[in-house]
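Worksheet: one structure, shown below.
The values are calculated or read from the model by the stated rules, or taken from the named source; none is laboratory data. The structure presented is a predicted model; accordingly, all values stated were derived computationally and were not measured. Glycine gets a Cβ as well: all are built from the backbone with ideal geometry, and neighbour counts include every protein chain shown.
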Amino acid sequence: MMSLRLTRGILKNNAIRSYSRAPCEIIEILESGFETLSQSKSKSLLKKHLTREILDKIKTKVTPSYCSTLLDCIQSGLCNHDSGVGIYAPDPEAYSTFSELFDPIIEDYHKGFKKADKHPATCFGYGSDFPNLDPEERFIVSTRVRCGRSLKDFPFNPCLTKKDYRHLECMITKVLKTLCNDHAGKYLPLSCMEPEQQQKLIDEHLLFKEGDRFLQDANASRFWPTGRGIFINKNRTFLVWVNEEDHIRVISMEKGGDLGRVYERMIIGVESLAHSLKFSHDKRLGYLTFCPSNLGTTIRASVHIKLPNLGADRAKLEELANKYNLQVRGTAGEHSEAKGGVYDISNKRRLGLTEYQVVLEMHKGISALIDAECQAGSQK
Ligand code: ADP
Ligand code: DAR
């Protein structure tokens, strides 16, 4: 059995797709990675659900159109034992080809979406359904709502060629240029961006981070920065990420707690794109994304929030947030720490609910956390 270092070395150097490896080498890497993961203290959903029986059942399968292997799906989770999920879909077919592993992970992450369940039809509701979460501006620094979209007939990051990245960027930016009124803006390709401007946009929480090891080890950063970039409107309240983790991320954000206005801006943005672009959509899983944690509505509605009492202990805050199906991230987003007591708290579930229900679950949860913070403050 190969050592973890050798496995990681091979995996880390896996700048090529695994299909260009001999089948026996793929099996050897999978077996070695599985043994090492099984013996680790990882808390990833990959470790929890990848059993010997499932591994034996799917380790030789490949997806029909792109020849994606199980290694293409799980090499990030094999390399990074601190993954939360640990698996990605290299192409849309992976969700059915490797359903024995994806389905239990999907059911676990989205808290009960079973194999027989079907994602509901799109129903956004309206921004006016959601009152300001913090009208007195005591707790919420800013509010953000994002969704992801994949273009139909294209695979996901690991299977995209350099030409695909350029083609996707061209198709998407052509539509972005037609946006008007509050959504009108400009596209900034990463390949033409000065490092200082890039870092400033990242620090302002507008642009995606670079060098995410989970994405790199999933072969999601090949040909970087070709085809990657960000669209920003005049007021810097509407953004579109191109070819980061997903082909498209539609983002609305602003200072304060006016979730309704932020959500309405995102709805208008994504529906404007839908007039001109065909998205990858599955009748059971809803809108398809690279990561199974984003399937369905693909919506993450978050607040940057200061909870001086509840936030003093992140573990306790996470335990309370979990009761409302909320997820706690650090100030810089996923896999980051809170700075200045500012937490990123958002809905966890995205699949099996309508868009309206997902945002309602977040609105109710954040409201409950603010009430608990006030009660904790009054008992001091
Ligand atoms: P996502 O998958 O939604 O893009 P990340 O965790 O990668 O989430 O966060 C992306 C960026 O968005 C990070 O810089 C993060 O700080 C920022 N962000 C998330 N929520 C908010 C918010 N409510 N206000 C301001 N910035 C936010
Ligand atoms: N970092 C990976 C993915 C977790 C879900 N977040 C995404 N898709 N950005 C992990 O398994 O931790």
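Odds and ends about this structure:
Here is a yes/no grid of residues against (1) away from ligand 2 (no atom under 12 Å from the Cβ); (2) farther than 19 Å from residue 31 by Cα; (3) in a helix (DSSP H, G or I); (4) more than 18 Å from the chain's Cα centre (by Cα):
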| position | (1), (2), (3), (4) |
| --- | --- |
| 57 | yes, no, yes, yes |
| 60 | yes, no, no, yes |
| 64 | yes, yes, no, yes |
| 72 | yes, no, yes, no |
| 91 | yes, yes, no, no |
| 100 | yes, no, yes, yes |
| 112 | yes, yes, no, yes |
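- When residue 254 is tested against (1) assigned to a strand (DSSP E or B); (2) crowded, with 20+ Cβ neighbours inside 10 Å, only condition (2) is not met.
- For first residues located in the range 240-251 and closer than 16 Å to residue 297 by Cβ, partners that are among the β-branched types (Val, Ile, Thr) and within 11 Å of ligand 1 (Cβ to nearest atom) and lie 6+ apart or on another chain with Cβ distances below 6 Å form the pairs 246/289.
- Test: residue in the range 277-290 that is assigned to a helix (DSSP H, G or I), closer than 29 Å to residue 215 by Cα and touching a residue at least 12 places away in the same chain (Cβ under 8 Å): no
- Residue count, the range 345-380 (criterion: hydroxyl-bearing (Ser, Thr, Tyr) and in a loop (DSSP other than H, G, I, E, B)): 1
- Test result for residue 324, in contact with a strand residue (DSSP E or B) (Cβ under 6 Å, 6 or more places away or on another chain) and more than 16 Å from ligand 2 (Cβ to nearest atom): no
- In the set (1) under 24 Å from residue 227 (Cβ atoms); (2) buried (at least 19 other Cβ atoms within 10 Å of the Cβ); (3) out of contact with any Asp or Glu (no Cβ under 8 Å at 6 or more places or on another chain); (4) of a type outside the set (A, V, I, L, M, F, W, C), residue 203 fails one condition alone, (2).
- In the range 122-151, the residues that are on the phi < 0 side of the Ramachandran plot and among the charged types (D, E, K, R) reach residues that are part of a strand (DSSP E or B) and buried (at least 18 other Cβ atoms within 10 Å of the Cβ) with C-beta atoms within less than 6 angstrom, at least six apart or across chains, in these pairs: 134/140; 144/253; 144/302; 146/249; 146/251; 146/300; 149/248.
- Matching entry among 147, 170 (being of a type in the set (A, V, I, L, M, F, W, C), at pLDDT 95 or above and touching a helix residue (DSSP H, G or I) at 6+ places or on another chain (Cβ under 7 Å)): 147
- The listed residue being at pLDDT 95 or above, closer than 26 Å to residue 216 by Cβ and out of contact with any helix residue (DSSP H, G or I) (no Cβ under 7 Å at 6 or more places or on another chain), out of 93, 107: 93
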